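Participant: Before I ask anything, here is the structure I am working with.
Read the figures in this text as sums done on the coordinates, not as results from a lab. Since the structure is predicted, the reported quantities are computational estimates derived from the model, not experimental observations. So basically every Cβ, Gly included, is an ideal-geometry build from the backbone, and we count neighbours across all protein chains shown.
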């Protein structure tokens, strides 16, 4: 397939006597000719919310239609695609015959015409939308399978339990980027879907911005060369993976996604990879401490393609030493991403406390977040925080809650709290 | 009737070579290159599979090096070298041999940890020195002159390992040797590896350390006790290597009149038993040299094993250090 994944490990392998936990940042970078690799059978399903609320104001549905058309225009010739309209049920808007159709000038035009005829009416049951998409992807197992899901509201017409059941069933079958338009949707709900389906979640507060956003989401999806890449972790006997978290470009906890794939070996899904992308993962392994002076392979990290081929490999080591000058050294990559995870947590805790009316806790948490964003140079998040609190001193995290905060500002901060600032490698 | 140590064929006591396999019967010596690349087949956990980088597929630990624990035994002389409990590598080396009818030669070198490829330095030094000493023993050369030749040759060999662009970390090591003939023994040394003599009457240290601290003691600036705890205690004033400038060892020759043991060791042992009386107290009696060496290494390991430990024990006049 021509995709090479270079694996780099950043860690302090020196541990004090008796220490059992090894932390490392694993950077995976796709390289080589992959940037130009065009998968034969990429598949794309665009899911547009057409519930009644999309008609209020009418400009929201109009913007969603324009965005869908922009996404359709971005599809490369030969990509198998469909457009789905979602309400309390789901139906295929195009192609009429069901299934997927190969993109070409004629099918793209027909799809856009069908989209223009959409009307807003009915409820919201996202699980059913995803189930329909999953059925459409059937038979396209080879290439990247991707969906865009757009909604403006809450998942009112099915229970959280029903959504969970669907997510469990479709996870690993395709990836899905979620977009919320306006401010009436639930950040936690879309995040759950995006995390389960290894995609992103973002807010498009102003419907006018939707077309550009869809175009870029579809373009990124078109850039994927290989689907179903797994991170394979070997750990020694008596050892275990404490956590595996994607930490860049965004936070995504993969710890619970382990599938055993051999003795002392487990696979974690990472979705599809494009030719020119790089991601960072935080890995923490618990090992049986060995003697001072001993050297141990704490984990062998492999990137494994869909057919089991190893695309790249790295090593996480542990060396026990009495030399505290070595063992107390803090690895800057690990420290940076530990800070970014703490930043995201502080924002979420702060916003929750704010909603609950706990001013003291909200001020403390959001102040902590301001300080962490400042210290790590995460200016994007710092700006979003400034929409919710008045910052007196970013260095100490001295802030005051704003009396009036626009819903869009708060939701944007919440949604993007998991977007990390990438570490500058030393 | 004796037998060939190589192929076990019967040989006569006057034979110089084995009729069956051609082995030189006059000289018996430890393998050149040390334990070399003979990897232990198994990890400490019992695992037998290792990945391409030498990590155990079961417990993840790096494959143990053959150098981690080395034991060599020849008639009347034996040695044990151990990585200890703190260091990642064993940078000590030892080599010894015997020439039938002439005597025994033994060398211990301790690679300087702050230099690069220290284990290569010490191995190169003991191999080179053992060659010179055993060849000289066969031709009956003067033991002191022989010891100086051995040090000069070893120093040159170690110096050749240096990279011109990294002179400040040129591979380096200490040196202590003994040449034992029928009636005398000659000890030579550079650095802080030591030789002790243990006899019925008691024990004595035969070497004086080439360290800054020892020099200060000699000049009366420090007492022995102060020197042991001084941070300069182990800073060498002489060593072998490209940057050493060493031309000759210090030597001492003495008559061997009574049975006893000669103990060569690296500082991994003597740090725990510095005084001859300390050594005497822990030294087992009435056992063969290999048992003495094992026990002394064990003493150092039990006391913490902070450094590599190497002990070579030579029997004098059939003595057991009783």
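Participant: On a 0 to 90 degree scale, rounded to 10, what angle separates helix A:359-375 from the longest Cα axis of chain A?
Facilitator: 70
Participant: Using Cβ counts within 10 Å as a stand-in for footprinting exposure, how do A:237, A:392 rank, fewest first?
Facilitator: Sorted ascending by nearby Cβ count, the order is A:392, A:237.
Participant: So how far apart, in nm, are the two label points at residue A:329 and residue B:71 if each is 7 Å from Cα heading toward Cβ?
Facilitator: Calculated label separation equals 3.8 nm.
Participant: Here's another thing I want to ask about it. Anyone know which of A:223, A:143, A:209 comes out most mobile in the 10 Å Cα GNM of chain A?
Facilitator: Result: A:209 has the largest fluctuation of those listed.
Participant: Here is a follow-up. Among B:49, A:410, which comes first, then next, by fewest other beta-carbon atoms within 10 Å?
Facilitator: B:49, A:410
Participant: Of the candidates A:202, A:104, A:309, which one comes out as most mobile in a Gaussian network treatment of chain A with C-alpha springs shorter than 10 Å?
Facilitator: Most flexible of the set in this elastic network: A:309.
Participant: Name the residue, out of B:14, B:250, B:123, whose mean-square fluctuation peaks in a Gaussian network model built on chain B with Cα pairs under 10 Å.
Facilitator: The residue with the greatest mean-square fluctuation here is B:14.
Participant: Let me ask something else. So what's the back-of-envelope 222 nm ellipticity for the protein assembly as shown, counting only DSSP H runs of four-plus at -39500 (n - 2.57) apiece and dividing by all residues, rounded to 500?
Facilitator: One gets -9000 deg cm²/dmol as the mean residue ellipticity at 222 nm.
Participant: Can I ask one more? Just grab the label-to-label distance for residue A:261 and residue A:102, each label 7 Å out from Cα along the Cβ direction, in nm (one decimal).
Facilitator: Distance between label points: 3.2 nm.
Participant: Round to the nearest 0.05 the FRET efficiency obtained for residue B:291 and residue B:166 when R0 = 35 Å and r is the Cβ-Cβ distance.
Facilitator: 0.25
Participant: So, one more: Under the 0.36 nm per residue contour assumption, what length would be gained going from the current alpha-carbon distance of residue A:113 and residue A:8 to full extension?
Facilitator: Using 0.36 nm per residue and subtracting the Cα-Cα distance, I get 33.0 nm.
Participant: Another one. Need one word for chain A: rounded, prolate or oblate. Basis is the Cα gyration tensor (sqrt eigenvalues a ≥ b ≥ c); a/c below 1.5 gives rounded, then a/b vs b/c decides.
Facilitator: It comes out oblate by the Cα gyration axes.
Participant: Given axes a ≥ b ≥ c from the Cα gyration tensor, I'd like to know whether the stretch B:67-183 is rounded (a/c under 1.5), prolate (a/b larger than b/c) or oblate.
Facilitator: Here the stretch B:67-183 falls in the oblate category.
Participant: Turning to a different aspect of this structure: If I take R0 = 60 Å and measure r between the Cβ atoms of residue A:141 and residue B:113 in this structure, what FRET efficiency does the formula 1/(1 + (r/R0)^6) give, to the nearest 0.05?
Facilitator: Efficiency, from the Cβ-Cβ distance: 0.60.
Participant: Grab the Cα-Cα distance for residue A:278 and residue A:358, subtract it from 0.36 nm times how many residues apart they are, and report the gain in nm with one decimal.
Facilitator: Answer, rounded to one decimal: 24.9 nm.
Participant: When only C-alpha pairs under 8 Å and at least 6 residues apart count, what is the relative contact order of chain A, in percent?
Facilitator: 19
Participant: Let me ask something else about it. Which whole number gives the average, over all residues in B:13-22, of C-beta atoms from other chains lying within 10 Å of the residue C-beta?
Facilitator: Per residue, the number of nearby Cβ atoms from other chains is 0 on average.
Participant: Taking the alpha-carbon centroid of each part, what is the distance from the stretch A:374-393 to the stretch B:202-281 in angstrom?
Facilitator: Between the Cα centre of the stretch A:374-393 and that of the stretch B:202-281, the gap is 64 Å.
Participant: Can you give the angle from 0 to 90° between the axis of helix A:210-222 and the longest principal axis of chain A, with both taken from C-alpha atoms, to the nearest 10?
Facilitator: Compared with the principal axis, the helix lies near 60 degrees.
Participant: Would you mind getting me the FRET efficiency between residue A:288 and residue B:231? Use the beta-carbon distance for r and R0 = 35 Å, nearest 0.05.
Facilitator: Computed FRET efficiency for residue A:288 and residue B:231: 0.50.
Participant: Among rounded, prolate and oblate, which fits the stretch B:153-228 when a ≥ b ≥ c are the square roots of the eigenvalues of its C-alpha gyration tensor, a/c under 1.5 means rounded, and a/b larger than b/c means prolate?
Facilitator: Oblate is the answer for the stretch B:153-228, as a/c is 1.5 or above yet b/c matches or exceeds a/b.
Participant: Turning to a different aspect of this structure: Taking neighbour Cβ counts within 10 Å as the exposure measure, how do B:223, B:310 sort from fewest upward?
Facilitator: So the ranking, lowest neighbour count to highest, is B:223, B:310.
Participant: Treating the angle as unsigned and between 0 and 90°, give the value, to the nearest 10°, between the Cα long axis of helix A:105-116 and the longest Cα principal axis of chain A.
Facilitator: Between helix and principal axis, roughly 80 degrees.
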